[in-house]
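The values are calculated or read from the model by the stated rules, or taken from the named source; none is laboratory data. Keep in mind it's a predicted model, so treat the numbers as computed, not measured. Here the Cβ positions follow ideal geometry from the backbone for every residue, glycine too, while neighbour counts run over all protein chains shown. With ligands, DNA and RNA removed, areas are computed over all heavy atoms of the protein, side chains included. Shrake-Rupley method; radii C 1.70, N 1.55, O 1.52, S 1.80 Å.
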Amino acid sequence: MVADVAKGFGSLVGVRGGTEEPRYDVLGKIHGLEIRRYGPRIAAETTVPGDEESARSAGFRRLAGYIFGANMSKSKIAMTAPVSQVRGPGDSWIVQFYVPSHSTMNTLPTPEEQGVELVEVAAETVAVLRFSGDRSRGTVAARTAELLRVLEKTAWVPNGEPVAWFYDPPWTIPFRRRNEVGVPVMAR
């Protein structure tokens, strides 16, 4: 009980202790961007129609259900960070949770909800811009535009769709939030 209260307070002020994040190597830091190399990983994902913010909320709830036991074995899966969001087909958004690194496609429980699927994410190189505070549609769009503008001054070129990553719950004090926008890249 005390540990849960401490975790709750910690998340309020942006303390992320004990939450696994995908591993990566930093290839370089250029003009405020970080170039990262991620290995392959597995994600639980769902596609949600609608505007960016409501899709993020609905997708988060759907995926949280899966990791909290809405799966065929009723087992819980450790929460990880970040929550990932990228534009999907048409007027939809793809929301993902990366699963703990010790998981495999064979050991993960099957989702109960048909809208949740497990996917293998290939290794990739990503240019990342970190920011705190607001994570509204307008802010994410502005930070994504900034990322792409700064990237033009580097030896890297976009090689995929921009993605937004959110590391903290919505109740975290805004200036303590860790948010990032990224885009897969390749060398020019």
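At-a-glance table
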quantity	calculated
Residue in region 46-55 that is surrounded by fewer than 18 Cβ atoms within 10 Å (Cβ to Cβ) and among the aliphatic types (A, V, I, L, M) present	no
Extreme residue, farthest from the chain's Cα centre (by Cα), among residues of region 176-188 that are over 22 Å from G59 (Cβ atoms) and free of Cβ contacts under 8 Å to residues at least 60 places away in the same chain	R188
Residues (over 24 Å from S103 (Cα atoms), touching a residue at least 24 places away in the same chain (Cβ under 8 Å), of a type in the set (G, A, S) and open to solvent by less than 30 Å² (accessible area, probe 1.4 Å)) located in region 14-45	G14
Per-region count, region 121-149, residues assigned to a helix (DSSP H, G or I) and under 21 Å from V185 (Cα atoms)	10
Single unsatisfied condition, K153 versus (1) modelled with pLDDT under 95; (2) over 18 Å from L27 (Cβ atoms); (3) not in a helix (DSSP H, G or I)	(2)
Filter pass, N159 being without any contact (Cβ under 8 Å) to a residue 40 or more places away in the chain and closer than 21 Å to Q96 by Cα	yes
Checking M105 against (1) under 22 Å from R23 (Cβ atoms); (2) open to solvent by less than 40 Å² (accessible area, probe 1.4 Å); (3) in contact with a Leu (Cβ under 7 Å, 6 or more places away or on another chain); (4) not charged (D, E, K, R), the condition it does not meet	(2)
Residue within region 126-142 that is more than 19 Å from Y98 (Cα to Cα), of a type in the set (A, V, I, L, M, F, W, C), surrounded by fewer than 20 Cβ atoms within 10 Å (Cβ to Cβ) and free of Cβ contacts under 8 Å to residues at least 24 places away in the same chain present	yes
Some residue of region 166-175 being open to solvent by 90 Å² or more (accessible area, probe 1.4 Å), farther than 20 Å from A58 by Cβ and in a loop (DSSP other than H, G, I, E, B)	no
